[in-house]
Amino acid sequence: MLIENLIFITFAVTLIASAVMVVFGQHPVRCALFLVLAFFAAAGLWLILEAEFLALVLILVYVGAVMTLFLFVIMTLSIDFEKMKQSFLRYYVPLGVILVCGLVTLMFYITSHAHADLIKLIPMQHVPADYSNTKALGGVLYTTYAFALEVAGVLLLAAIVAAISLCVRDVVDSKSQRVDEQIAIQPKDRIKIVKM
Amino acid sequence: MVEYVQYIETLIWVLIKIFLILIPLILGVAYLMYAERKVVGYMQCRIGPNRVGIWGLLQPIADVIKLLCKEIIIPSVSSRYLFIIAPVLTIAPALAAWAVIPFSPHLVLANINAGLLYLFAMSSLGVYGILVAGWASNSKYAFLGAMRSAAQTISYEIAMGFAFVGVLMASGSLNLQDIVLRQQGGIWHWFWLPLLPLFLVYWISGVAETNRAPFDVAEGESEIVAGFHVEYSGITFAIFFLAEYANMILVSTIAALLFLGGWLSPFEGIPVLGHLFAWVPGIAWLLLKTCCFLFLYLWMRATFPRYRYDQIMRLGWKILIPVTLVWLTVLGLAIEFHLKPWFG
Amino acid sequence: MLTNYLYILIFLGIGAVFGLLPMALGYLVSPKNPTKEKLSAYECGFPAFEDARMPFDVRYYLVAILFILFDLETAFLFPWAIVLNKIGWYGFLAMGLFVGLLVVGFIYEFRMRALEWQ
């Protein structure tokens, strides 16, 4: 129990500290890397709640894929970040402070004694070692929630189409290799034998 | 008080187990480098390293000492901290993935239920070391190499993921130990046969993921002078090297686990041979299978010319992914119809 | 279950140490005599023309975006694959439709020649 608490505190502090660094970091690439660290800490927290599938998917999808794209983009953009930071400090910091204050007030309001019945604090049930929550998730996701799954599929399709139509401009005269045409070529298309 | 003593005792045990995995692994990496130079040497009618120790067997140790004594150069234009962190980002996931590998029926450090997902997640982290190293160096060649390498790695990761999905469909579990046990019953029950196209796809994308020949455009000596680690010297470079070879061994071991029955004996179920080889421990079979794949790595490097970058991207996106999608459909139908003898 | 993940956490820590320790050792052992030329970025012997962090071909971004989408599909496929023998034809067809949508996107990608390097 003691170790669990210790690990929880470590992850929680890492999460908050790196989240703060994301906002106040020196360079966008560093901010993005701190965001990666924040995702890691969040995955650790989910693992403590024994949600192993979700924790690993968080690492796989967010750390492994989404943040890679972020880094790709941030690393290759040449924007004057100092300038951006100036306007950021002027406009967005006050807005952020107001939002955070609102959120903290809400959290206090909900968890205060007056509303203790809203969240029933159930002690966490430790699952047996052979319990696989991936299986439990799979059991319902593709049957009970099949419709939601299809909606997700449509969203992904829309994203694919949008990404391609935004990025691909020059369809016509690309000089790429077309293997099927190369294979299909016959000698008589290329060589003309002239009788001398 | 007793509780603390218990904690420390467990911790020490875990540390011993971790070192029992890591030290053979590091030795394996060292001698894989030696084996590579020897094997490729003989394939090209040379004899490879033969000066340090008998048959040159001490060559890797000499190399390590040499690299350790070389000056560590941190370029003046680089981002200092990221430059130093990048090798660590490469090596830590490459080593941590070994935590879930089952070596024999009871020999596994962390027998987690989502083992394969964990391996997949860890291998998706490999791209960070590359990107951070290339960017932190602030050198054109390093950056170009990093971008190429990262784009290639992520492209082949999809094909690899789909190949994993096929294995999961056949085994019905994410636990690596279960996946191995599900292949019991002799060589024809191993997953290489019902999943043959996925096996090939996995192997090709595994080679591409580790940026090895013939997919090693990221280093392309003649164009971008060794790619993302061009600015690294001495021991910092050695760590990238170590991670690359550790990843090679990992990819080979996963191939053995998922498609060649892991620690299962190949003579299982054969009348005389099965009994004759029953005494061989499982870990020996796993090692043997892994070594076959490692040899394949070296063989491929000595045989194939390097792909061009557009060809690499085409192979990944336009050939491997469609192949996996088709085979996943076939596999799904086979499972729904309970095709014997694999899914009966 | 959590003990297993604790082992993994320790393993990750040891992995990081395996990266840091040799570097510290190398720092102690190796000679240190940097010169200005030695510390400059590699550029075939020329002084660097410009900052190395330059804008890149948009195709790299496209690859990264498509990678995210396909990675998500994989994440959806993982739990499906291990319960396939339990959820039967209904689950199979549900996933068939899901993957079918992906295949439509894939065909679009082919038709637009989106991933052709030139």
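Tabulated data
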item	result
Breaking point among (1) surrounded by fewer than 18 Cβ atoms within 10 Å (Cβ to Cβ); (2) part of a helix (DSSP H, G or I); (3) among the aliphatic types (A, V, I, L, M), for B:Ile47	(2)
Criterion (in contact with a helix residue (DSSP H, G or I) (Cβ under 8 Å, 6 or more places away or on another chain) and in a loop (DSSP other than H, G, I, E, B)) met by exactly one of B:Ile72, B:Ile91	B:Ile72
Residue selected from region C:72-96 under the condition touching a Gly at 6+ places or on another chain (Cβ under 7 Å) and under 18 Å from A:Leu155 (Cβ atoms), by the criterion farthest from the other protein chains (Cβ to nearest Cβ)	C:Trp80
Number of positions in region B:16-52 that are without any contact (Cβ under 8 Å) to a residue 60 or more places away in the chain and touching a helix residue (DSSP H, G or I) at 6+ places or on another chain (Cβ under 7 Å)	8
Among residues of region B:54-69, those that are part of a helix (DSSP H, G or I) and in contact with a helix residue (DSSP H, G or I) (Cβ under 6 Å, 6 or more places away or on another chain), counted	4
Single condition B:Ala99 does not satisfy, out of (1) closer than 15 Å to B:Leu176 by Cα; (2) more than 7 Å from chain C (Cβ to nearest Cβ)	(2)
Residue match in region B:267-286 (condition: open to solvent by less than 10 Å² (accessible area, probe 1.4 Å) and not charged (D, E, K, R))	yes
In region B:301-338, residue nearest to the other protein chains (Cβ to nearest Cβ) [restricted to those that are part of a loop (DSSP other than H, G, I, E, B) and touching a residue at least 40 places away in the same chain (Cβ under 8 Å)]	B:Arg308
Yes/no for B:Leu116 being crowded, with 24+ Cβ neighbours inside 10 Å and closer than 30 Å to B:Ser265 by Cα	yes
Among (1) more than 8 Å from chain B (Cβ to nearest Cβ); (2) assigned to a helix (DSSP H, G or I); (3) open to solvent by less than 40 Å² (accessible area, probe 1.4 Å); (4) within 30 Å of A:Arg178 (Cα to Cα) - the single one C:Tyr108 does not satisfy	(3)
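Listed here are the residues, each with its yes/no results for (1) more than 9 Å from chain C (Cβ to nearest Cβ); (2) at pLDDT below 80.
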| position | (1), (2) |
| --- | --- |
| A:Ser112 | yes, yes |
| A:Lys120 | yes, yes |
| A:Gln125 | yes, yes |
| A:Gly139 | no, no |
| A:Thr144 | yes, no |
| A:Ala148 | yes, no |
| A:Ala152 | no, no |
| A:Ser165 | no, no |
| A:Pro187 | yes, no |
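One line per residue, one yes/no per condition, for (1) under 24 Å from the mean Cα position of the chain (by Cα); (2) open to solvent by 10 Å² or more (accessible area, probe 1.4 Å); (3) more than 13 Å from chain A (Cβ to nearest Cβ):
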site	(1), (2), (3)
B:Leu89	yes, yes, no
B:Ser104	yes, yes, yes
B:Ala110	yes, no, no
B:Leu131	yes, no, no
B:Arg148	yes, yes, no
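The values are calculated or read from the model by the stated rules, or taken from the named source; none is laboratory data. In this text, all values refer to a predicted model and were calculated from it rather than measured experimentally. Neighbour counts run over all protein chains shown; Cβ positions are idealised from the backbone, glycine included. What goes into the accessible areas is simple: the full protein's heavy atoms, side chains included, and nothing from ligands, DNA or RNA. Shrake-Rupley method; radii C 1.70, N 1.55, O 1.52, S 1.80 Å.
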